[in-house]
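Data first, discussion second: the structure below is written as structure tokens.
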Amino acid sequence: MLAIVLSGGGAKGAYEVGVWKALRKLHIKYDIVTGTSIGAINGMMMTQKEFYKCLRIWKNINYDILYDNFKQINNSKEMYLEYLNKIVDGGIDTKKIEQLINDNYKPDKLYNSRIAFGVVSFNLSTRKVTVSTKKNTRPDKLKKYILASATCFPFFKPTKIGNDILVDGGYYDNLPINLAIELGATEIIAVDLGSIGFKKRIKNKDIKITYIEPNNKLDSFLMFDSNVTKRMIKLGYNDTLKKFKKLDGKLYTFKKGTLTNLYYSYHNQIDDICSKLSYIGNFKNYDQKKFNKIIEDTLEIFKVKVDKIYNSYDLNKILLDKLEETKDINFDKFDLDEIKKILDKSIITKYIYLKLQNCDKINAVFNFFPKEFAAAIYLLAVRR
């Protein structure tokens, strides 16, 4: 039985929807879902099989949907200050989040689903974990435990259920793999957002676990902005398809076979360029793996978006356009320290590229910029 385990992570939960989108594309069927915090809410939607509704919520998320009287946020500093003010005031009221859960919690769908479901919260009153599943929890109570699991204390006020005070399940287990095993999982896909929280040691080491984790740094777990969440959805989708070998790349994402095609298309030109240089840096004895790293470094140098899927033509066109847009600076007379202070990597790369193109002698200090040197050689090969 295959289980999907969803970690907590606040706004980073958008990434989990991207994972879900990829699992649908891969036609992967699951039998169990467990979640903590935002993973509990996403897990509820996965159990109810309401992908498009969940996707729509995340694509349109904003602070007004989740909070009352929350200051308009223009940057990260303002965001953290506003949250700090809310903590000082005793935490954010969870009424709107509760309403969001109530609007989307469909007990008939959830309890009639063949998919087992469980969430983790932490009981501050007893200092013990609370595990809530379809099997051991009444429908009217389960939605309250989903809210409790998603109550990220101290940013939010705790959830009161009867005489108990409950908070985010991340205070006990932010990635409830053991719960999935207890529910009968024989294989697990665990989505770990890498957020703050405790993780329990896995009890059964014989279970096959496939971890899906962000290859790129995600935005703050407190940043509920639709533009940010749309990007994280794409990253979750891309990383999952890369994990299952349907796409290539690590930080960046490429259609299957793109990197191999680029390697065989340009390695002769690169070898020819390097044979004429006294300095070849990263291209010394390079293979497919090293070549892939050079391509990703080049994309990073020119600040190309990480959430898109690239093919050979688009990739080279974007890089050449970026190269053209980068300003030229002649700094043959600058020393290394000055160069590091005033220049970004794209300008250094263009300087080396132009020197190589014109067969000019390159200032020796640029031997200290191996990534930029390799990027320039690759771009020169593409231009030939």
>> Amide H of Ala190 versus every other amide H placed in the peptide plane: which residues, excluding those fewer than 5 positions away on the same chain, fall under 5 Å?
In response: Val5, Thr210, Tyr211, Ile212
> Which residue, Gly257, Gly39, Gly249, tops the fluctuation ranking in a GNM of the chain built on C-alpha contacts under 10 Å?
Replying inline: Gly257
>> For the chain, give me the percentage of DSSP beta bridges that are antiparallel, rounded to the nearest 5 percent.
In response: 40
> Of Ile97, Ser113, Ala180, which is farthest on the positive side of the dipole of the chain, counting Cα position, with +1 on Lys and Arg Cβ, -1 on Asp and Glu Cβ, and the Cα centre as origin?
Replying inline: Ser113
>> Could you work out the pair-distance distribution P(r) of the stretch 1-140 from its alpha-carbon pairs, with 10 angstrom bin width and percents rounded to whole numbers?
In response: 10, 38, 34, 16, 3
> Relative to the Cα centre, what is the charge dipole magnitude of the stretch 1-107, using +1 at the beta carbon of each Lys and Arg, -1 at the beta carbon of each Asp and Glu, and rounding to the nearest 20 debye?
Replying inline: 560
> Of all the C-alpha pairs in the stretch 139-200, what % are more than 17 Å from each other?
Replying inline: 49
> Once the mean 1/r over all distinct Cα pairs of the stretch 88-156 is inverted, what Kirkwood radius in angstroms do you read off?
Replying inline: 13.1
>> With both bridge residues required to lie in the stretch 1-134, what share of the DSSP beta bridges run antiparallel, to the nearest 5%?
In response: 40
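If the viscosity is 1.306 mPa s and the temperature 10 °C, what translational diffusion coefficient in µm²/s does Stokes-Einstein give for the chain when Rh comes from Kirkwood over Cα pairs? Walk me through the numbers on the way to the answer.
Values: Rh = 23.2 Å.
Calculated translational D: 68 µm²/s.
Coordinate-derived values only; no laboratory data. As the structure is a prediction and not an experimental result, all values here were calculated from the model. Cβ sites come from the backbone with ideal geometry, for glycine too, and all protein chains shown count toward neighbours.
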